[in-house]
Amino acid sequence: MQINKIDQYTKGWFVGNFSPVVLASKEFEIAVKWFKAGEKEPLHKQNIATEITVVVEGQIRLGGTLFSAGDVITIPPGEFAEFESITDSSLVCVKTPSLPNDKVLG
């Protein structure tokens, strides 16, 4: 058994084609992320990767739409979206394929 802490990894990303990771993969990336109410990420898109976000707790605004716990949001390549955490929130994020330099700010 291997035991790690999520804060050992960059912004919660613990699986993917980068370092450090628990599992290296070119096929996908996985992160667990926590945000405080009011935290934001700028408008951005992925050129090639598809990004899937699962809201575990809280309420967020993604691409201008409000989402809450249990929502699964799929953002295809080329679609711009910005993020805001309306309440304290936790998310699971998956991107496929794992392309660390695919993110483009809008």
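The values are calculated or read from the model by the stated rules, or taken from the named source; none is laboratory data. No experiment lies behind these values; they were computed from the predicted model shown. FYI the Cβ positions are ideal-geometry reconstructions off the backbone, even for glycines, and counts take in every protein chain you see.
A few remarks follow.
- Subset of segment 73-92 [outside any strand (DSSP E or B), of a type in the set (D, E, K, R) and closer than 20 Å to E39 by Cα]: D88
- Residue in segment 40-53 that is in contact with a Phe, Trp or Tyr (Cβ under 8 Å, 6 or more places away or on another chain) and surrounded by fewer than 13 Cβ atoms within 10 Å (Cβ to Cβ) present: yes
- Summed over segment 11-55, residues that are within 12 Å of L91 (Cβ to Cβ), outside any strand (DSSP E or B) and out of contact with any Ser or Thr (no Cβ under 9 Å at 6 or more places or on another chain) total 2.
- Any chance F14 is surrounded by 16 or more Cβ atoms within 10 Å (Cβ to Cβ), without any contact (Cβ under 8 Å) to a residue 24 or more places away in the chain, closer than 30 Å to Q2 by Cβ and not basic (K, R): yes
- Count of segment 68-94 residues which are among the hydroxyl-bearing types (S, T, Y) and over 12 Å from the mean Cα position of the chain (by Cα): 4
- Residue in segment 37-52 that is at pLDDT 95 or above, hydroxyl-bearing (S, T, Y) and under 18 Å from G78 (Cβ atoms) present: yes
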